[in-house]
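Take a look at the structure set out below.
We did not get these values from a lab; they are worked out from the coordinates using the rules stated. The model shown is predicted, which means the values in this text are computed figures rather than measured ones. Neighbour counts are summed over all protein chains in view; Cβ atoms, including those assigned to glycine, are modelled from backbone coordinates with ideal geometry.
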Amino acid sequence: MSSNKMSRLKDSLSVRLTFWYAGIFVLSTLLILFIFYHRVASVAMERTNQELVEELSEFADMFADAGMDRVIQEMRREAVSEDQNKIFFRLISTSGKVLTSSDMSSWGHIKVSPDHLRMAINENRPVLHTLERTDGRHDARSIYGLIGPKTLLEIGLSLEDNEEYLLHFKKLGLFLVPPVFILAAFIGWFLAKQALSGVDEVTHIAGEISKGAYNKRVQVQRHSHEIDQLAHTFNQMVDRLQALIQGMREMTDNIAHDLRSPLTRIRGTAEMTLMSTTSQSEFEDMAVSIIEECDNLINMINTMLDIAETEAGIKEFIRESIDMSTLILDACELYRSVARDKDIALHSELPEQMSYQGDKAQLQRLITNLLENAIKYTPEQGTVRVILEDLDHTLVIRFEDSGIGVPPSEITRIFDRFFRGDASRSEAGTGLGLSLARAIAEAHGGSIGVESTLQEGSVFTVTLPRKTATS
Ligand code: ADP
């Protein structure tokens, strides 16, 4: 395997998780085995202790019933029957002198422990202790206890069986480590693959998207919570990217289609003037008309950019506390003279004060665009009314006019960029006012709706929720 591949494998999260899992699993298994081993060892020791205590008590009864000779006879018999290499009996006087014992030739030299002996005499109870052997023989458990007047019995029981049993247990534990590690690694690998399958999917989908498949999304709600969160955020990011790309496409389409005609117009005017005009004043008129057209063009391009940025959510959003009543009242004052020129009655129904958190400059544009349209598309002697209400924590602004209305065939398109109704072409305009108004309302978490009857009038309703206004 190349060093590159090795280092990639080392860095792989699945491999690392597998090793962590296997390591923790093996350590836990060893810990459990260790606790179990100690428990088994102490139970075995308790059983040995009990055996010795019972044996000692039987001999004490025998001494009381049948005397010392019977005890000596019985201890020799038992030593033979139970294997003299594994058990010994010694009768000891209270002064520590060995009176007699079973055959202890295989036990080597075992001294009487004066401390334990004294304790057994003074406290008149059996005293247990472990004979630790340094001569290569197995350790033994020994008990001292008084069985008759001035006579003690010591019974020694080899711990060979216990040690062998525990050694098996130890070997089994060590023998289990490699298979347990391999098994844990398999389980760990499987679990890591399962847990990270969502990440693989995100990587796979990201690869496809980078090749142009923008409609691909990661499936959510099939993995763990964290992976689903990742998938959800990833999908949101792709949605946003797709919206931005879509916005850019529309923008380039608009530039291609809608900016071409004013440019052609400017060029035509200049060409015509050059070909047919000689007087200074006509050149001046041409210059004025070109400047006007260029201003319109600049205005259009700026509005287009504003719409694109507002829709994409990248336009700076300055949230502040605004009094909407004042904002609408100011706009009405601004357009009052235009309305008066057309003999249009401009009314506003506003509460004294209504505060709202939003971008003041953007909301000003929204209000002026809709108010300007209402006046522009209302014939002379008509009526325009602006109404502001607070309905269930939502600000509602209605722009009602008695104007030309929107034909049903156009009503779904009036919010499209550069759309201008057939009946409105005689009025000045760019076809961008409603698109911008809608983008601003949506940037505040709101919307704009329209109801219209041809030749009777229109109602544009802006709803702005108070709490969900977002940038
Ligand atoms: P513009 O007013 O510059 O044409 P807008 O985007 O503001 O562009 O409006 C798009 C179209 O919607 C208008 O051309 C017009 O046909 C229609 N419209 C907008 N407001 C009204 C209204 N109050 N009454 C009737 N038609 C309207």
About the Cα centre, and with charges only on the beta carbon of Lys, Arg (+1) and Asp, Glu (-1), how big is the dipole of the range 25-131? Nearest 20 debye, please.
440
Quick one: dipole size for the chain, taken about the Cα centre, charges +1 on Lys/Arg Cβ and -1 on Asp/Glu Cβ, in debye to the nearest 20.
2080
May I ask for the Rg/Rh ratio of the range 353-437, computed from Cα atoms with Rh as the Kirkwood radius, given to two decimals?
0.99
Kindly rank 151-158, 379-386, 268-275 from highest to lowest mean number of other beta carbons found within 10 Å of each residue.
151-158, 379-386, 268-275
Between the range 186-217 and the range 224-275, how far is it from one alpha carbon centroid to the other, in angstrom?
31
If you rank Met62, Met304, Met237 by fewest surrounding Cβ atoms within 10 Å, what's the result?
Met237, Met62, Met304
Treating only Lys and Arg (+1) and Asp and Glu (-1) as charged, each at its beta carbon, one finds that the range 168-243 has a dipole about its Cα centre, in Debye to the nearest 20, of 300
Computed Rg/Rh of the range 161-243, alpha carbon atoms with Kirkwood Rh
1.43
Between Val450 and Leu297, what is 0.36 nm times their sequence separation minus the Cα-Cα distance? Round to one decimal in nm.
52.3 nm
Fully extended, how many nm does the chain gain between Glu51 and Asp416 (0.36 nm per residue separation, minus their Cα-Cα distance)?
121.6 nm
In whole Å, largest first, what are the principal axis extents of the Cα atoms in the chain?
153, 62, 37
If you take every DSSP beta bridge fully contained in the chain, what fraction is antiparallel? Give it as a percent rounded to 5.
90
In the range 258-283, whose amide N lies under 17 Å from the spot 7 Å out along Cα-to-Cβ of Ile290? List them in ranges.
262-283
Suppose only helical runs count, i.e. DSSP H with n ≥ 4. What mean residue ellipticity at 222 nm does that imply for the chain under -39500 (n - 2.57) per run, divided by all residues and rounded to the nearest 500 deg cm²/dmol?
-20000 deg cm²/dmol
Using Cβ counts within 10 Å as a stand-in for footprinting exposure, how do Trp20, Trp107 rank, fewest first?
Trp20, Trp107
Just to be sure I understand the rule: take each whole DSSP H helix in the chain, project its Cα atoms onto its long axis, keep it if the span is 27 Å or more and its mean Kyte-Doolittle hydropathy is at least -0.5. Which ones pass?
13-66, 160-210, 280-312
Alpha carbon centre of the range 17-39 versus the range 398-471: separation in Å?
70
Out of Ala270, Met251, Val218, whose Cα points farthest toward the positive end of the dipole of the range 213-284 (charges: +1 Lys, Arg; -1 Asp, Glu; placed on Cβ)?
Val218
